[in-house]
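Undergrad: Before anything else, here's the structure in question.
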Amino acid sequence: MIYLFTALYCEAHPLIREFGLVRNPKNTWLQEFDNEEAGLRLTITGVGEIAAAAAVGSVCGGYPPAQDDILLNVGICARGEGADGIFLCNQITEQATGRTFYPDMLYRHDFHEASIVTGTAVWNRAEDGSDSGPCGRQSVPPGALYDMEAAAIYQAGSLFFGPHQMMFLKVVSDRGAAGEVSGEWTERLMEQYREPMADYIRRIRRITGENVREDSLRQKEEALVEQLGTDLHCSKAMKDCLRQYIRYLTLNDCDYMFVIKEMYENGLIPCKDKREGKLCFEELKRRVL
């Protein structure tokens with residue numbers, strides 16, 4: 001199952017139509033749309049960190065995610081400088097606390113990557129063009145994205161998902177002129193990028209194995225995960241990440257066994273401790289992709 005979260009209905013509407021999602025009448029406190037056959041559940045959180053965190057907790061508490069499920073946050077964002085378009089976020093910073101979070105970038109994709117800052121107020125530049133940043137602070141690095149939900153969704157989502165299960169897809173809507181962004185404009189913008197977003201969602205769903213095979217990996221793949229988990233000194237979270245990565249490589253017909261065998265032959269595996277194992281896992285991802 002993919003758990004989709006958007007702040008606004010106008011952000012979600014193109015995807016609701018694309019996947020034939022139907023309003024869940026049982027949920028009377030949130031706008032929730034789903035399609036069990038498509039393996040998607042979409043929730044409108046409302047704007048801001050508190051609303052976003054509450055919605056994620058409510059939905060995931062009511063429908064506890066499995067180890068292969070995915071959280072995907074989709075929506076618009078501001079960007080002070082740099083290209084427009086659609087971005088996959090590789091770093092999320094909460095403006096109020098300065099805390100930074102790093103979703104694992106496990107899978108090959110066709111989007112640009114960028115960091116994103118989550119703040120508590122909309123970003124509106126002054127009429128003379130001057131700008132001290134959202135909330136009057138110079139806190140958005142050049143080229144970074146800015147929204148009001150991502151950090152909260154990550155933190156609430158981390159109670160139910162690992163970093164490798166959470167993804168944040170953002171479309172640039174303005175240059176710090178949120179007052180000029182209407183619901184109609186937002187929906188047209190999201191419709192413009194509907195096809196690449198839908199393709200990405202279908203690809204991620206395929207990775208979870210819901211369309212391809214049973215919930216568990218084939219026996220030989222699970223045996224490989226167990227062996228690598230031991231030899232890399234994996235924590236439970238890292239082992240879950242490794243399992244999903246092996247599944248991704250298998251479904252994409254990657255010749256990963258050759259790379260793993262070579263790393264064993266060169267003495268890179270087994271590792272002496274967890275820290276070395278984490279570095280080795282990163283090296284495996286680099287060599288395969």
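Undergrad: Consider segment 265-282. How many of its residues are surrounded by 14 or more Cβ atoms within 10 Å (Cβ to Cβ), part of a helix (DSSP H, G or I) and of a type outside the set (Lys, Arg)?
TA: Counting residues in segment 265-282 that are surrounded by 14 or more Cβ atoms within 10 Å (Cβ to Cβ), part of a helix (DSSP H, G or I) and of a type outside the set (Lys, Arg) gives 4.
Undergrad: Name the single residue that is most open to solvent (accessible area, probe 1.4 Å) among those in segment 149-182 being free of Cβ contacts under 8 Å to residues at least 60 places away in the same chain and in a helix (DSSP H, G or I).
TA: So, considering only residues that are free of Cβ contacts under 8 Å to residues at least 60 places away in the same chain and in a helix (DSSP H, G or I), the one most open to solvent (accessible area, probe 1.4 Å) is Glu180.
Undergrad: Among (1) part of a helix (DSSP H, G or I); (2) surrounded by fewer than 22 Cβ atoms within 10 Å (Cβ to Cβ), which single condition is Gly46 missing?
TA: Among (1) part of a helix (DSSP H, G or I); (2) surrounded by fewer than 22 Cβ atoms within 10 Å (Cβ to Cβ), Gly46 violates only (1).
Undergrad: Residues Gln67, Gln31: which one is touching a strand residue (DSSP E or B) at 6+ places or on another chain (Cβ under 6 Å) and open to solvent by 20 Å² or more (accessible area, probe 1.4 Å)?
TA: The conditions single out Gln31.
Undergrad: Those residues that are part of a loop (DSSP other than H, G, I, E, B) and either more than 19 Å from Tyr63 (Cβ to Cβ) or among the aromatic types (Phe, Trp, Tyr) (or both), I need them from segment 21-43; list them, please.
TA: Matches in segment 21-43: Trp29 only.
Undergrad: Taking into account only those residues within segment 201-224 that are open to solvent by less than 60 Å² (accessible area, probe 1.4 Å) and over 18 Å from Ala66 (Cα atoms), which is modelled with the lowest pLDDT?
TA: Glu221
Undergrad: How many residues does segment 84-125 hold that are touching a Gly at 6+ places or on another chain (Cβ under 9 Å), in contact (Cβ under 8 Å) with a residue 60 or more places away in the chain and open to solvent by 60 Å² or more (accessible area, probe 1.4 Å)?
TA: 1
Undergrad: Buried (at least 19 other Cβ atoms within 10 Å of the Cβ) and more than 22 Å from Ala178 (Cβ to Cβ): which single residue out of Arg79, Arg41, Arg23 fits that description?
TA: Sole residue among the options that is buried (at least 19 other Cβ atoms within 10 Å of the Cβ) and more than 22 Å from Ala178 (Cβ to Cβ): Arg41.
Undergrad: For segment 114-127, state whether one or more residues are modelled with pLDDT of 90 or more and in a helix (DSSP H, G or I).
TA: No, there is no match, as no residue in segment 114-127 is modelled with pLDDT of 90 or more and in a helix (DSSP H, G or I).
Undergrad: Which pairs have Cβ atoms under 9 Å, sit 6 or more apart or on different chains, and link a residue in segment 16-45 that is free of Cβ contacts under 8 Å to residues at least 40 places away in the same chain and at positive phi to one that is surrounded by 15 or more Cβ atoms within 10 Å (Cβ to Cβ) and part of a loop (DSSP other than H, G, I, E, B)?
TA: Partner pairs satisfying both residue conditions: Gly20/Ala38.
Undergrad: Test each condition in (1) open to solvent by 30 Å² or more (accessible area, probe 1.4 Å); (2) hydrophobic (A, V, I, L, M, F, W, C); (3) more than 29 Å from Tyr245 (Cβ to Cβ) for Ala53 and report the one that comes out false.
TA: (3)
The values are calculated or read from the model by the stated rules, or taken from the named source; none is laboratory data. Small disclaimer: the values here were computed from a predicted structure and weren't measured. Virtual Cβ from ideal backbone geometry, glycine too; neighbours counted across all protein chains shown. The protein model used for the area step is the full one, side chains on, heavy atoms only, and it has no ligands, DNA or RNA in it. Shrake-Rupley method; radii C 1.70, N 1.55, O 1.52, S 1.80 Å.
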